[in-house]
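Asks: Can you read through this structure? Questions will come right after.
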Amino acid sequence: MPRPLWWSNEPKVRAVSLAIFAAFIGLAVLGMPLAFALGAAALGVLMAGNIDLNMLPQRMMHSVNAFPLMAIPFFMIAGELMIRGGLAERLIELANAFVGRIAGGLAQVTILAGAGMAAVSGAAVADASALASVLTRQLARVYGIGFSAAVISAAALLGPIIPPSNAMIVYAYMAGSGVSVAALFMAGVVPGLILTAGMMLLTRWIAQKRNYPLAGEPVTLKRMARELVRSWSILLMPVVVIGGIVAGAFTATEGGAIAVVYALLIGLFVTRRLKLSDIPACLLHAAIITAVVGALIAFASAVTFLLTIDLLPIKLTRLMRDITSDPLMFNLLVALILFVVGMFLESNAAYIMLVPLFHPLAVSYGLDPLHFSFLFVFNLVLGSLTPPVGIILFVVCGVARVSMGEIMRHLWPYIAFGYALLFALMLFPPLVTALPRALGY
Amino acid sequence: MSPDRATAAAGRALAALDRAVQVLVIAVTGAMVVVVVAQVALRYGLGQSFDWADEISRLLFVWVVFLALPLGIPKAAHVGVSLLTDRLSDRPRRLLFRLTSLMCAALLAVVAYQGALLAIDQWEEPLSTLDASVALFLVPLVFGCAHGVLHFLALAGSGAYAAPALVVE
Amino acid sequence: ASAETLRIAGNFAAAHSSSKAMEGFAADLKQRTNGALEADLFPGMQLGSARENVDAVRAGTIFGTWIGPGFLSRLVPEIEAVSLPFVFNDSATAFRVIDGPVGDKLNEKMADKGFLVLGWMELGLRNVTNSKRPISSADDLKGLKLRMQPNETHLATFRALGASPISMDVKELYSALQQGVVDGQENPYSIIAANRYFEVQKYLSNTGHFFDFIVVVVNKKQFDALSPANKAALTAAVKGAVTAQRAASAGEQAAALKELQAKGMEYTVLTPEALAVFRERTSGIVDEVKKRAGPELVDLVLKEAKAQ
Ligand code: NA
Ligand code: NA
């Protein structure tokens, strides 16, 4: 019987890793931004361990010196241009023509519009703020503010599940060459559709139970056709961008740049809501957000370097093996850890710190890397709906001016459905992997 | 000059630096889009490729990340935890904020200094596909971190606490 | 007594013959020094990309690395003299040259930049794969979009052969090949097999256009600080690993080629006449390389490679 890690006879191993974790958590609790808390923890250990400090700038520069990461600002710029170009309004009108008269009509419209937004933007937060600022007032008039905010939050959840997805780009990068961004994008399609359909059914059930009035306008074929024609150029965007990536016209990063050009053309010439003077602000905003993610990656990779030379990944693998040799148990264990992490931690920080540790482990358990990667992303995305730290909740609370408790009173069935789906996907891998495999990944 | 006026002048200088860096960041971000789109267009239009496209894209990206890093500091855009600070009253909170800001400034100062030494050391080394120094990858890191030091010192000086961002965006 | 630990990183997978040989080195080193000097190995890019490993050894963050010498050519351009196209026909010739005066010259140049060379292993001859057509003559390369390493000699060679070289992050290569963003790539058989490019490439030819070494380099300052006994043990252990790897590499290449064919790749053997055309069309590259690596060294390599 092998001895567990904490009895290891190599005290230096525990000391370095533990010192880093303790310093990081301590500094983070004091309110130091996470990126700098990571950097300071690494700096402290470097000084204590008498390792040359030039490792810091070296690691930081090399960790963001990567073509695949450029997809992040690209999809961010594209999403921002689309939103300023009036995309959310168009998608809502379109969804209204189709599902406006189903029980919970306007709420159904919100979810469907959320799925549409998800197919052109890469981040939940952008979707949440766009949907919340456009729809809150109309929704609240019919359903009250709590349920309205809950539906908007649930709709925004689709953002990083349905491709493109910044979360998936970060995951694939941190996992190394074993995971292709395009394959991970495709892995999100079926679960994203199930999530959309499931949330619409759930909404219908709740609306019927509570006797919410029908709010939408009559559904007519003529109206559907008119809205489809009006929105064709937006609907074509995921076909061009995601389709182009999958079909091999360009790489995921190049697809992001194409999306920027596409969004620019739509905003300037189709919806005509975008002004040339909006563009610099879009670029600057995307750059600052990219820098926030980039700073996390840069400082975290200094920490990862120290943990690696401290042999933590090897020790962790042995520890996990001592606990369980069953892949499903391992998967459940990771899900539990991520559930807790998702409650408290911003998800980018979580990918950057945990993927380098867990992904190789999953591979060593013989799990399908693609399946594991998707479950990991899905779990942390669900974490953006769980208090106390839930990014979507914060955005919707802020824009819709509603308390977190009030949202949670209405949101919990959607969260429960999300986790139920997570377990279903864990047990039936083909739901995740069949589509990418069929496309040859 | 009185201390107040000196502070005000320093604030104006920092704001001017911010504006200049903003313009540069916007230009570099735009250039990044242009280079990648041009690369795709060239591949399909002429069946060719620039040797330097991959390297220059990465270079531009590194510039965006590190030049824009300090711009997020005064906006409290860098994600963090406000668990403790939310529960403190105003005075201890400001004190703690000054302290963590100073620590951030010290960290970035070390990175900038070490980065500068590294850049000087690598100055003679050329890029693979461009006739320029490989140290160009380190220049924005040095510059951005030094710029960040100024912002953290300004925050430490003013003690103007703002809760850190809880999300990226 | 606490053991001294040397950190040595590499970008080849743990299963590659070079990583295996380094494992043998680590065990040998521990034995030779009775545990007073140990090596922690980090294969498979655990401590960053090849580019970064070079910087890290140079700065002394890690002690050493085993790496394709091309990643050192920015610092020591003379290395390009041994990456001329079609200069070595087989590994025996390549090793004869690198173990002779050419190697001594290069080791000197590397030492000037703070690197101590402990040995040269084999990565192998690089060969072209693609998804479009069998390559049986130089003309077949015309217009093919081939992913190349960002190295001037490599790019110029394939441009001279009429292909369209495309520079691309290796992390994107597999999916780019799969999707047809690029038509092909070039690597030694063992790497083509290990990276599973056979899943997304149909045609393979024994172009053998470049011979790639793997060089074991360490930070010279840190090496000099070791005790004489430890220095001797380290040098001897690396020497043993290099010998073992060279022996293993030939078998590894042959096995990889067999595997690639078994996995369904169509293998084309170039005739000597066809290869002569490749040589002729790339003969101008020598002058370009002379500009960067220096004419004396390039002439020395050519002379040594011909000598029998
Ligand atoms: Na999306
Ligand atoms: Na949460």
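The values are calculated or read from the model by the stated rules, or taken from the named source; none is laboratory data. Keep in mind that what you see is a predicted model, and the values were worked out from it rather than measured. All Cβ positions, glycine included, derive from the backbone under ideal geometry; neighbour counts span all protein chains shown. Heavy atoms of the whole protein, side chains included, go into the accessibility calculation; ligands, DNA and RNA do not. Shrake-Rupley method; radii C 1.70, N 1.55, O 1.52, S 1.80 Å.
Asks: Counting just the residues of region A:46-61 that are assigned to a helix (DSSP H, G or I) and either touching a Pro at 6+ places or on another chain (Cβ under 7 Å) or open to solvent by 20 Å² or more (accessible area, probe 1.4 Å) (or both), which one comes out farthest from the other protein chains (Cβ to nearest Cβ)?
Replies: So, considering only residues that are assigned to a helix (DSSP H, G or I) and either touching a Pro at 6+ places or on another chain (Cβ under 7 Å) or open to solvent by 20 Å² or more (accessible area, probe 1.4 Å) (or both), the one farthest from the other protein chains (Cβ to nearest Cβ) is A:Ala48.
Asks: I'd like to check something: does region A:395-405 contain any residue that is surrounded by 15 or more Cβ atoms within 10 Å (Cβ to Cβ), within 12 Å of ligand 2 (Cβ to nearest atom) and within 14 Å of the chain's Cα centre (by Cα)?
Replies: Taking every residue of region A:395-405 in turn, none turns out to be surrounded by 15 or more Cβ atoms within 10 Å (Cβ to Cβ), within 12 Å of ligand 2 (Cβ to nearest atom) and within 14 Å of the chain's Cα centre (by Cα).
Asks: Only one of (1) of a type in the set (Val, Ile, Thr); (2) more than 21 Å from A:Phe305 (Cα to Cα); (3) more than 10 Å from every other protein chain (Cβ to nearest Cβ) fails for A:Ile77. Which number is that?
Replies: For A:Ile77, the exception is condition (3).
Asks: List every residue pair whose Cβ atoms sit under 8 Å apart, with the two residues 6 or more apart in sequence or on different chains, where the first one lies in region A:333-355 and is within 14 Å of another protein chain (Cβ to nearest Cβ) and the second, anywhere, is open to solvent by 40 Å² or more (accessible area, probe 1.4 Å) and part of a loop (DSSP other than H, G, I, E, B).
Replies: A:Met343/A:Pro387; A:Met343/A:Pro388; A:Phe344/A:Pro388; A:Glu346/B:Leu166
Asks: Something else now. So which pairs qualify, if the first residue must be in region A:181-199 and in contact (Cβ under 8 Å) with a residue 40 or more places away in the chain, the second must be aromatic (Phe, Trp, Tyr) and open to solvent by less than 20 Å² (accessible area, probe 1.4 Å), the Cβ gap must be under 7 Å, and the two must be at least 6 apart or on different chains?
Replies: Pairs that qualify, where the first residue is in contact (Cβ under 8 Å) with a residue 40 or more places away in the chain and the partner is aromatic (Phe, Trp, Tyr) and open to solvent by less than 20 Å² (accessible area, probe 1.4 Å), are A:Leu184/A:Tyr171; A:Leu184/A:Phe374; A:Ala187/A:Phe374; A:Gly188/A:Phe374; A:Pro191/A:Phe378; A:Met199/A:Tyr414.
Asks: While we're here: Test A:Met320 against the stated conditions and say whether it is more than 16 Å from ligand 1 (Cβ to nearest atom) and within 20 Å of the chain's Cα centre (by Cα).
Replies: It is false that A:Met320 is more than 16 Å from ligand 1 (Cβ to nearest atom) and within 20 Å of the chain's Cα centre (by Cα).
Asks: Quick one: is A:Val293 within 11 Å of another protein chain (Cβ to nearest Cβ), under 19 Å from the mean Cα position of the chain (by Cα), part of a helix (DSSP H, G or I) and farther than 20 Å from B:Val35 by Cα?
Replies: Taking the combined requirement at face value, the residue satisfies it.
Asks: Suppose we filter A:Ile102, A:Ile92 for residues that are away from ligand 1 (no atom under 16 Å from the Cβ), of a type outside the set (Phe, Trp, Tyr), open to solvent by 10 Å² or more (accessible area, probe 1.4 Å) and within 14 Å of A:Ala197 (Cα to Cα); which single one remains?
Replies: One residue alone meets the criteria, A:Ile102.
Asks: Sticking with this one: Given (1) open to solvent by less than 20 Å² (accessible area, probe 1.4 Å); (2) more than 13 Å from the chain's Cα centre (by Cα); (3) within 29 Å of C:Arg7 (Cα to Cα), identify the lone condition not met by C:Phe88.
Replies: The single condition C:Phe88 does not satisfy is (3).
Asks: Let me ask something additional. How many residues, within region A:29-45, are crowded, with 21+ Cβ neighbours inside 10 Å, at negative phi and within 7 Å of another protein chain (Cβ to nearest Cβ)?
Replies: Number of matching residues: 8.
Asks: With respect to B:Val142, determine if the residue is touching a Gly at 6+ places or on another chain (Cβ under 6 Å) and either more than 10 Å from chain A (Cβ to nearest Cβ) or open to solvent by 10 Å² or more (accessible area, probe 1.4 Å) (or both).
Replies: When the stated conditions are applied, B:Val142 passes them.
Matching residues to (1) of a type outside the set (A, V, I, L, M, F, W, C); (2) away from ligand 2 (no atom under 16 Å from the Cβ); (3) at pLDDT 90 or above:
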| residue | (1), (2), (3) |
| --- | --- |
| A:Ala335 | no, no, yes |
| A:Glu346 | yes, no, no |
| A:Val355 | no, yes, no |
| A:Leu361 | no, yes, no |
| A:Ser364 | yes, yes, no |
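Asks: Please verify whether region C:68-78 includes one or more residues that are within 14 Å of chain A (Cβ to nearest Cβ) and buried (at least 21 other Cβ atoms within 10 Å of the Cβ).
Replies: yes
Asks: Within region B:70-82, does at least one residue satisfy the condition of being open to solvent by 50 Å² or more (accessible area, probe 1.4 Å), more than 8 Å from every other protein chain (Cβ to nearest Cβ) and in contact (Cβ under 8 Å) with a residue 60 or more places away in the chain?
Replies: Yes, region B:70-82 has at least one match.
Asks: Sticking with this one: Could you tell me whether any residue of region C:185-200 is buried (at least 21 other Cβ atoms within 10 Å of the Cβ), part of a helix (DSSP H, G or I), small (Gly, Ala, Ser) and more than 14 Å from chain A (Cβ to nearest Cβ)?
Replies: yes
Asks: With A:Ser63, A:Ser148 as the choices, which residue is within 28 Å of A:Pro280 (Cα to Cα), more than 16 Å from ligand 2 (Cβ to nearest atom) and either modelled with pLDDT of 85 or more or polar (S, T, N, Q) (or both)?
Replies: A:Ser63
Asks: Something else now. Being aliphatic (A, V, I, L, M) and assigned to a strand (DSSP E or B) is the filter here; which residues of region C:110-135 pass it?
Replies: Listed by number, the residues that qualify are C:Leu116, C:Val117, C:Leu118, C:Met121, C:Leu123, C:Leu125, C:Val128.
Asks: When you scan region A:184-276 for helices (runs of 4 or more DSSP H) that lie fully inside it, which ones turn up with 3 or more residues that are in contact with an Asp or Glu (Cβ under 9 Å, 6 or more places away or on another chain) and modelled with pLDDT under 85?
Replies: It comes to A:221-247.
Asks: Another one. Tell me, yes or no, whether region A:355-375 has at least one residue that is closer than 19 Å to A:Leu184 by Cα, open to solvent by 10 Å² or more (accessible area, probe 1.4 Å) and within 16 Å of ligand 1 (Cβ to nearest atom).
Replies: Scanning region A:355-375, I find no residue that is closer than 19 Å to A:Leu184 by Cα, open to solvent by 10 Å² or more (accessible area, probe 1.4 Å) and within 16 Å of ligand 1 (Cβ to nearest atom), so the answer is no.
Asks: Out of (1) out of contact with any helix residue (DSSP H, G or I) (no Cβ under 6 Å at 6 or more places or on another chain); (2) within 28 Å of C:Glu199 (Cα to Cα); (3) modelled with pLDDT under 95, the odd one out for C:Arg74 is which?
Replies: Exception for C:Arg74: condition (2).
Asks: Go through (1) within 16 Å of ligand 2 (Cβ to nearest atom); (2) in contact with a Gly (Cβ under 8 Å, 6 or more places away or on another chain); (3) over 19 Å from A:Val125 (Cα atoms) one by one and return the number of the condition A:Ala350 breaks.
Replies: (3)
Asks: Please go through region B:22-41 and pick out each residue that is surrounded by 14 or more Cβ atoms within 10 Å (Cβ to Cβ) and over 19 Å from B:Arg58 (Cα atoms).
Replies: B:Gln22
Asks: Another question, if that's okay. Do we have any residue at all in region A:317-328 that's at the interface with another protein chain (Cβ under 8 Å from one of its Cβ atoms) and in contact with a helix residue (DSSP H, G or I) (Cβ under 8 Å, 6 or more places away or on another chain)?
Replies: Checked region A:317-328: no residue is at the interface with another protein chain (Cβ under 8 Å from one of its Cβ atoms) and in contact with a helix residue (DSSP H, G or I) (Cβ under 8 Å, 6 or more places away or on another chain).
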